[in-house]
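J.: Can you keep this structure in mind? I'll have questions shortly.
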Amino acid sequence: MKSQIQALKIISVAGAFLVGFWIPLRLIGYVLNPQLEVLFDLLVSVVAGINVYLYFQKPGVNFRELASWKSLGLVCDLICLLPLSLVAFVFFDTTVSALLIFNLLAARHVRHVKGILDNFGHLQPITYRLVPIFVMMPLLLHLIACAWISLGSGTAGPDRDQIYEYVKAIYWSFTTLTTVGYGDISAKTIPQMLFTCLVQVTGVGVFGFILSNVASLLARKDAAREHHMDNLDKVENFMRSHRIPTDTRSRVRSYYHYMWQHKKGYRDHSALEDLPKKIQSELFFHINRPVLEQVPFLQGASHELVEDLMNELESHVCVPGEKIFKVGDHGDAMYFIYKGGIEILSEQGDSLAQLTEGSFFGEMALLFDGKRNATAKATQFCDLYVLKKASFDHVCNKYPEFLEHVHNVVQTRAS
């Protein structure tokens, strides 16, 4: 039922768009083929009937509401049900033809395009802003052009070039609505002058709205960079006011440059906190799977267990020369290298290993309470994921059969 309502709404908006184009042309004397006239009249009635049906499908509609001003939209749609253009076609009466203006009431449903877009969750945010503009702006230009022609801007007589007249009116509408006004087409009569003033005032609001949306879209497109630059400016001002040494300031700038190059200014997954846990797990699984798949004791683990572990990972960025832990420190976490490099040093300071992207270290701390027997130092900027022992124990308590497997693998690795 929901999909049927959605389909009817799409038909309603599409029909309203066509009605908004056809009725004004018919009112200014652009007569189509008689068969098409009847077809469009039928279209108006169908659109109006759909809108009446959709009105009664809204929750909370009752007879009290039908007796209030809220039912004005229903009255408009009931008027559009009348076959006014068919009557005009049969009687060839210009007076009856003028009644077609009431059918324009059906065109107001074009605005519901925003409601239709809300039902498509896979659309990008920029689409929600641009599609309504691209739908309503041509219709507005068309209505203004037809009104300009009806005020006598076109050529009279049966030999007039209707296509050239219409394109010329569109050109005038666009230049006037944007308040450019080249002056090659100007108002000659009082009604034209008054109408021009109205269009210019409308143009100030319409194009102000469009320009503000375009500016907002451009700002949103590069919002991460703007956020990063703002933070960098604040830090620069802080260091300048406190007369921080040049080498330290250079290291701070290098850190921010690294954060922008590799994380686009975001230090953690805080942007995902509003998402449900299930979706967060899927995202973390996609991001961290290449790293976690290399951990021996996680090989053969269930997808659910790996997802639970990923939810417990914490992001940490190390600067060159930073010691993640030292010999003698209490071990309470293991580390996964997402980007960068780590050097493992002995108690005497000798290099034992050079670890790069995809490696892990400190895993003994997850199973054995004790002190570190080596030192881990970052050789460059390094992105790490940290798995705390408390978090690991919490997950393993949910999967007791996996804990025995982990003990066996780690003891083998230790030997």
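The values are calculated or read from the model by the stated rules, or taken from the named source; none is laboratory data. Here the structure is a predicted model, which is why all the values come from computation and not from measurement. These area figures cover heavy atoms from the full protein model, side chains too; ligands, DNA and RNA do not enter into them. Shrake-Rupley method; radii C 1.70, N 1.55, O 1.52, S 1.80 Å.
J.: Please list T196, T248 from largest to smallest accessible area, probe radius 1.4 Å, with all protein chains kept in place.
T.: Descending accessible area places them as T248, T196.
J.: Would you work out if region 335-382 is rounded, prolate or oblate? Take a ≥ b ≥ c from the square roots of the eigenvalues of the alpha-carbon gyration tensor; rounded if a/c is under 1.5, else prolate when a/b is larger than b/c, oblate otherwise.
T.: oblate
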